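Remarks on the structure that follows.
Since every read-out is calculated from the coordinates, none of them should be taken as a lab result. Please read these numbers as outputs of a predicted model, since none were measured by experiment. Cβ placement follows ideal geometry from the backbone for every residue including glycine, while neighbour counts extend to all protein chains displayed.
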Ligand code: SAH
C-alpha cells in the first residue's frame with residue numbers, strides 16, 4: 001500500500017472533524033466527505049504506520065444517511081463539514097460525540113449519562129440560520145472580482161454568493177458590491193501582493209428587527225465613488241448601517257480597528273428574548289439567534305432563579321447571558337477578558353434599564369479568586385457567596401485556578417455552557433470530584449452542517465446538610481418505638497458519616513457562638529497529626545495569617561472533633 005493507490009472502503013464511523021472513517025488491510029483511513037455506511041473508492045493521500053488519509057474519488061454505494069447538499073459547493077467550501085449527512089443523523093452524531101467525551105475523558109458512567117442527558121435541541125429549519133457572514137473578495141482568472149468563502153484550511157476563495165447557512169439578502173448585497181467594483185474598476189485585495197482595495201464584505205442581519213448592516217473592509221482609507229455604492233445599497237430593504245473598516249495590515253485577521261460611517265447608523269439593533277442589543281461591526285454577537293435563545297433559555301432554567309440569587313457569569317462576552325438572567329436574579333456579576341466587550345455589556349445593560357448587573361474586565365481566573373480572597377480577608381468568618389455560577393469559556397475550557405475558586409465558593413448550582421465537549425468533560429471531572437454532582441446535560445445544535453456543538457450542564461452542590469424528614473412516634477408502649485433501642489441499633493448499622501468542615505463550623509457556631517475558618521480547622525487537624533479530608537471548601541492556609549492564634553477557637557474545634565468522634 002502506498003501513496004496514490006486506490007482503495008475501496010466501507011465507512012464505519014465519523015471522526016471529530018466530520019470525516020468518514022474506514023478500514024483497509026488493517027489500516028484506518030480518514031476520508032473527508034465520506035459518510036457512515038458509504039462504500040467508496042478513495043485515493044491515498046498520506047500514509048502513516050497504522051493509519052492514513054485518502055481522498056474520496058467515487059461513492060460506489062451511497063449510505064442511507066446521505067443527503068443531496070443544498071449548497072452546490074458544499075464539498076469544496078470550508079464553512080460546512082457535514083452538509084451531506086441527513087440532519088437527524090447529524091444530531092445523533094453530535095449527541096454521541098458529547099456522550100463519548102463525558103464517558104472517556106470525564107469518567108462518567110454510561111448508564112448515569114443515560115439518565116442525566118436530555119435529548120439534543122436541533123433546529124426545525126437548519127438552513128439560513130446565520131445572522132453574520134464575512135465574504136472574502138478576490139479576483140478570478142479573467143480578472144473579475146469574486147466573493148465566496150475559503151476552502152478548508154486554505155485561503156483559496158471558493159466563489160459562492162448563495163450560502164445555504166446565510167440570509168438570502170447577502171446575495172443581493174454582494175451583487176451590488178461586485179457590480180460596483182466592475183463598473184468603477186475597484187480592485188480586490190490580494191493577500192500575495194498586499195495590493196488592491198476591497199478585502200472583505202461583512203453583512204449582519206437583525207433577525208427580530210430586519211435591520212441590515214454592511215461593512216466594507218478595505219486596504220486603504222477611502223473607497224472611490226463611495227456615495228454611488230451607498231446609494232445602491234440603501235435601496236435594499238432593511239438597510240440600516242453602511243460602514244467601512246480600515247485594515248492596511250498584511251494579516252489574515254479580517255477586521256482592522258478603525259470604523260468609518262458611510263451611511264445610516266453605526267450599529268444595528270436586535271433582540272435575544274426581551275433584551276435589546278446594539279451591534280456594531282466589531283461587536284461579538286452570537287451568530288445563530290434562534291438557537292441562542294434556546295441555549296440561554298436552558299441556562300436560565302438550569303440556574304433555577306427565583307429573584308433572590310447572586311449570580312456570577314464568567315467569560316460573559318458582551319453580557320448576553322448576564323442580561324438574560326438579570327431579570328430573574330437579585331444581582332449578576334459578569335467577567336470578561338476583552339475590555340471592549342465589557343463596555344458593550346455595560347451599554348447593553350443601560351439601554352435595557354438593567355441595574356442589577358455589574359461587569360468586570362479581566363481574566364475570570366484572576367477576578368474571581370481576587371474577589372474571594374478580598375472578601376475572606378475583610379470578612380474572616382464568612383464565606384464569599386454565590387448562589388449560581390455560570391461559565392461559558394472558549395474552547396480551552398476553564399482555568400484550573402478558576403475551578404478551584406468555584407469549588408471553594410460552594411455555589412449551590414453551577415451552569416456550564418461549553419463549545420468543546422472534551423474540555424467540558426475534563427472540567428466536569430474536577431468539579432464532580434470536588435463536591436459537585438451532575439444533574440442535567442443538554443446539547444444544543446447552534447451550528448447545523450458543521451461539526452460544532454454547544455452543551456449546557458447543570459451541577460448542584462452536594463450539600464452535607466441535606467436531610468430527610470420521617471414521622472415516627474417514639475416512646476414506650478404498644479405501637480411506639482423505644483428510643484434507646486433504636487439509637488443502639490442505628491449506631492450499629494450506620495456507616496460512619498464523613499465529618500465535613502461545614503459540620504464542624506456549624507457545631508462550633510451553635511455551641512460557642514462564633515465562626516471558625518476552614519483554614520483553622522485544617523490547622524488544628526494538622527497539629528493533631530490527622531489526615532486532611534479534602535473538603536471542597538477547605539482552605540488549607542490563610543491568605544493573611546493571623547498574628548495571635550486564638551486559643552478559644554482551637555479548643556472549640558477540638559471539642560467539635562471529639563463530639564463527632566474524629567478524635
Ligand atoms: N457568554 C458569552 C460569550 C462566550 S464566548 C455569550 O454567550 O455571548 C467566550 C468568551 O470568553 C469570549 O468573549 C472571550 O473573549 C472570553 N475569554 C477568553 N478567555 C477569558 C478569560 N481568561 N477570562 C475571561 N474571559 C475570557
Can you give me the Cα centroid spacing of the stretch 367-421 and the stretch 156-173 in angstrom?
42 Å
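Order of 280, 322, 88 from fewest to most other C-beta atoms within 10 Å?
By the 10 Å Cβ count, ascending: 88, 280, 322.
Among 550, 298, rank each residue by its count of other Cβ atoms within 10 Å, from fewest to most, as a rough exposure measure.
550, 298
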Compare the peptides 281-287, 97-103 by average per-residue count of other Cβ atoms within 10 angstrom and give them in order, highest first.
97-103, 281-287
To the nearest 10 degrees, how steep is helix 421-432 against the longest Cα principal axis of the chain, on a 0 to 90 scale?
10 degrees
Using only Cα atoms, find the angle between the long axis of helix 501-512 and the longest principal axis of the chain, and express it within 0 to 90 degrees, rounded to the nearest 10.
40 degrees
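Is the shape of the stretch 1-66 best called rounded, prolate or oblate, per the rule: a/c under 1.5 gives rounded, else a/b larger than b/c gives prolate, else oblate, with a ≥ b ≥ c the square roots of the Cα gyration tensor eigenvalues?
On the way: a/c = 1.86, a/b = 1.43, b/c = 1.30.
Judged from the Cα gyration tensor, the stretch 1-66 comes out prolate (a/c at least 1.5, a/b above b/c).
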Mean-position separation - Cα centroids, the stretch 180-194 and the stretch 274-296, in angstrom
32 Å
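By the gyration tensor of its Cα atoms, with a ≥ b ≥ c the square roots of the eigenvalues, what is the shape of the chain: rounded for a/c under 1.5, prolate for a/b over b/c, or oblate? Mind dumping the intermediate values first?
Working: a/c = 2.56, a/b = 1.70, b/c = 1.51.
Here the chain falls in the prolate category.
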Angle between the Cα long axis of helix 551-563 and the longest principal axis of the chain, 0 to 90 degrees, nearest 10?
80 degrees
Let me see the P(r) profile for the stretch 132-272: every Cα-Cα distance counted, bins of 5 Å, each bin given as a percent of all pairs.
2, 10, 21, 25, 22, 14, 6, 1, 0
Please report how far the C-alpha centroid of the stretch 1-47 lies from that of the stretch 52-118, rounded to the nearest whole angstrom.
15 Å
Most exposed first, judged by fewest Cβ atoms within 10 angstrom, 182, 426 run 182, 426
Sorted by average packing, counted as other Cβ atoms within 10 angstrom per residue and highest first, what order do 410-417, 347-354, 142-149, 104-111 take?
410-417, 142-149, 347-354, 104-111
Can you order the peptides 250-256, 260-266 by their average number of other Cβ atoms within 10 Å per residue, highest first?
260-266, 250-256
Looking at the chain, send over the antiparallel percent of its DSSP beta bridges, to the nearest 5.
65 percent
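What number, rounded to the nearest 500 deg cm²/dmol, is the helix-based mean residue ellipticity at 222 nm of the chain, given -39500 (n - 2.57) per DSSP H run of at least four residues and division by all its residues?
Taken over the chain, the calculation gives -9000 deg cm²/dmol.
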